[in-house]
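Visitor: Below is the structure I would like to discuss, written out as structure tokens.
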Amino acid sequence: GKKLGYTFNNRNLHNVSLGQGQEVVAEQALDLAAKEGHWVILQNIHLVAKWLSSLEKKLEQHSEGSHQDFRVFISAEPAPSPDSHIIPQGILENSIKITSEPPTGMHANLHKALDNFSQDTLEMCTQEKEFRSILFALCYFHAVVAERRKFGPQGWNRSYPFSSGDLTISVSVLYNYLEASSKVPYDDLRYLVGEIMYGGHITDDWDRRLCRTYLEEFIKPEMLEGELCLAPGFPLPGNMDYNGYHQYIDDALPAESPYLYGLHPNAEIGFLTQSSEQLLRTVLELQPRDGSAVEGAAVTREETVKALLEEMLEKLTDEFDMAELMAKVEERTPYTVVALQECERMNLLTAEIRRSLTELELGLKGELTMTSNMENLQNALFLDVVPESWVKRSYPSTASLGTWFADLLTRISELEAWTRDFSLPSTLWLGGFFNPQSILTAIMQTTARKNKWPLDKMTLQCDVTKKSREDFASAPREGAYVHGLFMEGARWDAQAGVITDARLKELTAAMPVVFIKAIPDDKQDTRCTYPCPLYKTRQRGPTYVWTFNLKTKENPSKWVLAGVALLLQI
């Protein structure tokens with residue numbers, strides 16, 4: 001066994017960990033085991049994609065005539081997406097399949113986190129009370145960050161591979177620090193756990209802030225005084241033995257809800273709604289598409305697409321005449337430059353829409369041969385999704401095709417109104433821009449030129465008014481009024497002028513008009529404010545636009561944990 005490079009013991013078990021050229025070893029183990037009636041374990045077959053066809057043939061070869069006690073066990077990591085499935089169908093069809101699913105819900109995750117330790121772990125530190133309290137808090141922190149993923153972008157902007165190894169190493173660091181110091185180094189522990197152990201996975205700045213805030217709430221001096229609640233109705237337990245902690249979880253942990261993560265109950269509604277929509281869209285995509293499946297349905301499909309594309313072509317306006325617009329411009333101010341750039345981007349998009357729809361129309365009439373691109377467009381129109389070639393020239397959006405096209409026509413009419421005389425609209429629809437950052441930067445540039453201030457020493461101040469779009473007749477002297485923003489995770493209390501808890505079932509509350517103006521950095525007042533990120537869509541992540549400081553009477557950490565953000569589209 002040692003000569004072949006695999007493990008072999010008195011239970012006739014061959015254990016081969018694949019990768020790094022172990023394929024030949026695996027084949028030798030299979031041949032010997034099939035002859036002698038041994039068992040073979042092949043680990044990590046996802047690492048040897050090119051060899052899997054040979055493995056399939058080898059297993060098929062040994063399926064007849066081999067020893068009756070011969071068994072093969074195969075393990076692989078799950079594929080990140082359906083397109084990444086590499087295990088041959090033959091292997092899957094002829095095997096008994098077992099999957100190891102991660103625990104779901106805080107109850108199961110907290111037990112699983114605690115299972116990484118034992119009574120011996122709890123007794124190994126000289127500062128027993130401090131060690132046990134912080135260890136339990138770290139287990140809760142681990143369970144929260146692992147399970148928060150299910151809430152999508154409101155949970156984490158990106159998905160991270162947090163593992164039990166992060167937790168066990170963090171506890172080892174805790175033990176070493178407590179043994180070396182008589183005082184608990186809270187700041188050091190929070191930094192090492194939040195910025196290195198767990199933070200090492202995190203690539204998004206807002207997710208890093210979230211991770212840091214959890215630790216600031218869970219690991220602090222109050223935890224040793226019996227005054228810390230890890231979640232509403234769930235105080236940090238006192239000094240218990242190992243089984244006592246498990247029992248405490250069963251007895252004291254409230255029922256599963258977004259409150260356990262610091263989120264509003266609406267987060268669960270949004271998460272379940274998105275899951276349902278994804279399921280129904282998948283079902284819709286499974287409908288037969290060709291005439292051989294359902295003849296009547298195929299005719300209806302073609303007629304539906306034809307009627308839709310005719311309607312879209314009819315409603316689509318002409319492209320902007322850039323030469324004519326340039327001739328109108330008297331002075332190329334920052335605002336004028338933004339308007340012209342937006343018109344150019346819109347022309348690229350509308351030209352592609354008109355070209356592809358016209359091409360498909362000819363294809364459906366039989367005047368052009370249908371290509372794969374035309375078929376993809378036809379499928380997209382029927383399924384009410386935005387076609388891929390349009391998305392490439394478009395702006396981020398999660399809307400269905402019908403809503404997206406209506407939104408596009410509104411954007412065009414807003415641009416037409418702005419470019420009639422290039423005077424700044426009374427209120428700007430920030431969500432109607434391809435590049436919202438450009439207009440926000442233009443506000444700073446205009447103010448900087450007027451007051452002769454250095455641009456790199458300026459910032460934007462956000463004042464939320466009590467008015468709606470209809471209440472404004474003209475643009476302000478400096479800055480701009482902005483409408484069409486939404487808040488997710490909380491809402492704006494217009495009377496009190498602060499962020500407050502969202503109303504149940506109101507997932508994205510509309511904001512009043514916001515007054516945005518540029519000020520010098522040193523004039524910015526950040527007291528009692530929550531730095532709120534602004535995103536283009538509910539997908540968050542790469543759609544980040546800007547950060548606005550919004551007033552709050554409550555601790556800003558509450559809104560960080562609740563995933564509160566401003567959105568341009570819903």
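The values are calculated or read from the model by the stated rules, or taken from the named source; none is laboratory data. Predicted, not measured: the structure shown is a model, and the values here were computed from it. We place every Cβ from the backbone using ideal geometry, glycine too, and count neighbours over all the protein chains shown. Side chains included, ligands, DNA and RNA excluded: accessible areas come from the protein's heavy atoms. Shrake-Rupley method; radii C 1.70, N 1.55, O 1.52, S 1.80 Å.
Visitor: Helix by helix through the chain, keep the DSSP H runs that span 27 Å or more along the axis on Cα and average at least -0.5 on Kyte-Doolittle, and give those back in order. Can you show the working numbers first?
Guide: Details: long enough: 128-147 (28 Å, 0.63); 266-285 (28 Å, -0.02); 295-315 (31 Å, -0.38); 334-365 (47 Å, -0.02).
Helix filter hits for the chain: 128-147, 266-285, 295-315, 334-365.
Visitor: Order 454-463, 277-286, 484-493 from most to least packed using the mean count of other Cβ atoms within 10 Å.
Guide: 484-493, 454-463, 277-286
Visitor: Continuing with the same structure: In the full protein assembly as shown, how much of ARG190 is accessible to a 1.4 Å probe, in Å² to the nearest 10?
Guide: 50
Visitor: Based on DSSP H runs of at least 4 residues, each adding -39500 (n - 2.57), what is the mean residue ellipticity at 222 nm of the chain after dividing by all its residues, to the nearest 500 deg cm²/dmol?
Guide: Values: 19 runs with 249 residues, N = 570.
Here the helix-only value at 222 nm equals -14000 deg cm²/dmol.
Visitor: Can you compute the FRET efficiency between GLU64 and SER182 using 1/(1 + (r/R0)^6), with r the Cβ-Cβ distance and R0 = 51 Å? Round to the nearest 0.05.
Guide: Efficiency, rounded to the nearest 0.05: 0.15.
Visitor: With the contact rule set at Cα under 8 Å and sequence spacing of 6 or more, what percent relative contact order holds for the range 426-569?
Guide: 29
Visitor: While we're looking at this one, here's another question. Once you place label points 7 Å from the Cα toward the Cβ at GLN341 and ASP318, how far apart are they in nm?
Guide: Between GLN341 and ASP318, the simple spin-label model gives 2.7 nm.
Visitor: Considering the options HIS85, LEU52, GLN68, tell which one lies farthest towards the positive end of the dipole of the range 2-94, charges being +1 on Lys and Arg and -1 on Asp and Glu at the Cβ, about the Cα centre.
Guide: About the Cα centre, the residue reaching furthest to the positive side is GLN68.
Visitor: Sort 509-521, 242-254, 41-53 for me by packing, meaning the mean count of neighbouring Cβ atoms within 10 Å per residue, highest on top.
Guide: Descending mean neighbour count gives 509-521, 41-53, 242-254.
Visitor: Counting only DSSP beta bridges with both residues in the range 2-94, what percent are antiparallel, rounded to the nearest 5?
Guide: Among the beta bridges of the range 2-94, antiparallel pairing accounts for roughly 20 percent.
Visitor: Also, I was wondering about something else. How high is the relative contact order of the chain, in percent, with contacts defined as C-alpha pairs under 8 Å that are six or more residues apart? The partial results should precede the final answer.
Guide: Numbers: 759 pairs, mean separation 59.7, N = 570.
Worked out over the chain, it gives 10 percent.
Visitor: Now for a separate question. Express in whole angstrom the spacing between the alpha-carbon centres of the range 298-375 and the range 434-454.
Guide: Centre-to-centre (Cα) distance: 31 Å.
Visitor: In debye, nearest 20: dipole of the range 426-569 around its Cα centre with unit charges on the Cβ of K, R (+) and D, E (-)? Intermediate values should be presented prior to the final figure.
Guide: Numbers: 20 positive and 13 negative charges, 23 e Å.
That gives a dipole near 120 debye.
Visitor: Pick out, from LEU349, LEU13, THR371, the residue whose Cα sits farthest towards the positive end of the charge dipole of the chain, with +1 on the Cβ of Lys and Arg and -1 on the Cβ of Asp and Glu.
Guide: The residue sitting most towards the positive pole is LEU349.
Visitor: While we're looking at this one, here's another question. Placing +1 on the Cβ of each Lys and Arg and -1 on the Cβ of each Asp and Glu in the chain, which of LEU313, MET444, GLY233 has its Cα farthest towards the positive end of the resulting dipole?
Guide: MET444
Visitor: Can I ask one more? Compute, for the chain, the length of the dipole vector about the Cα centre, with Cβ point charges of +1 (Lys, Arg) and -1 (Asp, Glu) only. Units Debye, rounded to 20. Write down the numbers at each step before the final one.
Guide: Working: 57 positive and 77 negative charges, 230 e Å.
I would put it at about 1100 debye.
Visitor: Still on this structure: At a Förster distance of 60 Å, what's the computed FRET efficiency of GLU330 paired with ASN555, Cβ-Cβ distance as r, to 0.05?
Guide: 0.75
Visitor: Note down the nm distance, to one decimal, between modelled labels 7 Å out along Cα→Cβ at GLU367 and at THR547.
Guide: 5.6
Visitor: For a quick check of your reading of the filter: which GluC sites (Glu not before Pro) in the range 161-247 sit in a DSSP loop and have no more than 12 other Cβ atoms within 10 Å?
Guide: Answer in residue order: GLU227.
Visitor: Once label points are set 7 Å from the Cα along Cα→Cβ at both SER159 and ARG469, what is their separation, rounded to one decimal in nm?
Guide: 3.6
Visitor: What part of the accessible area of the range 1-151, given as a whole %, is carbon or sulfur when the probe is 1.4 angstrom?
Guide: Within the range 1-151, the accessible surface is 49 percent carbon and sulfur.
Visitor: Ok, one more. I want the antiparallel fraction of DSSP beta bridges within the chain, as a percent rounded to 5.
Guide: Of all bridge pairs located within the chain, approximately 70 percent are antiparallel.
Visitor: Additional query: Multiply the residue separation of ARG503 and ILE570 by 0.36 nm, subtract the distance between their alpha-carbon atoms, and state the gained length in nm to one decimal.
Guide: Between ARG503 and ILE570, full extension yields 22.4 nm more.
Visitor: When DSSP assigns beta bridges and you keep just the ones with both residues in the range 426-569, what percent turn out antiparallel, to the nearest 5?
Guide: Once the DSSP bridges in the range 426-569 are tallied, antiparallel ones form about 85 percent.
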